[in-house]
Amino acid sequence: MNKYNEAFGEIGADVDNEGSILECRKRGFERLESMPNFLSNFIQEGSYGEMWSVRKVLRRFIWHDRIHAKAMWRMAIKTFEKNEIENVFRFE
């Protein structure tokens, strides 16, 4: 399991880390959706006694992806002309 899929594992969705981030996420959501009552926002004790829900997994993905997108945007504006890089997330 890798960092892209460990959140799925916290709520009991059996995932692996084969393929790209997109492929792993897609497969994780497919496995999550195959779980009974997956939209009931059940709470499950994960590793280290931390409580997890589908909502928490989704928030974690959004938070994680935003951090990486902002870092990539910052690197891009240092590497290229700032006006060449579209600021689609309005980081400034």
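Numerical summary
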item: Boolean, Val54 is of a type in the set (A, V, I, L, M, F, W, C) and surrounded by 12 or more Cβ atoms within 10 Å (Cβ to Cβ); result: yes
item: Yes/no for Leu32 being open to solvent by less than 70 Å² (accessible area, probe 1.4 Å), aliphatic (A, V, I, L, M) and in a helix (DSSP H, G or I); result: yes
item: Long-range neighbours under 9 Å by Cβ, at least six apart or interchain, first residue within 26 Å of Tyr48 (Cα to Cα) and without any contact (Cβ under 8 Å) to a residue 40 or more places away in the chain within region 11-31, second open to solvent by 30 Å² or more (accessible area, probe 1.4 Å) and among the aliphatic types (A, V, I, L, M); result: Gly12/Met35; Ala13/Met35; Val15/Met1; Asp16/Met1; Asn17/Met1
item: Members of region 59-92 found to be in a loop (DSSP other than H, G, I, E, B) and surrounded by 10 or more Cβ atoms within 10 Å (Cβ to Cβ), listed by number; result: Phe80, Ile85, Asn87, Phe89, Phe91
item: Phe38 vs. criteria without any contact (Cβ under 8 Å) to a residue 60 or more places away in the chain, among the hydrophobic types (A, V, I, L, M, F, W, C) and open to solvent by 40 Å² or more (accessible area, probe 1.4 Å); result: yes
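The values are calculated or read from the model by the stated rules, or taken from the named source; none is laboratory data. These numbers come from a predicted model, not from an experiment. Because the Cβ atoms are built from the backbone with ideal geometry, glycine has one as well, and the counts that use them run over all protein chains shown. Calculation scope for accessible area: heavy atoms of the full protein, side chains included, ligands and nucleic acids excluded. Shrake-Rupley method; radii C 1.70, N 1.55, O 1.52, S 1.80 Å.
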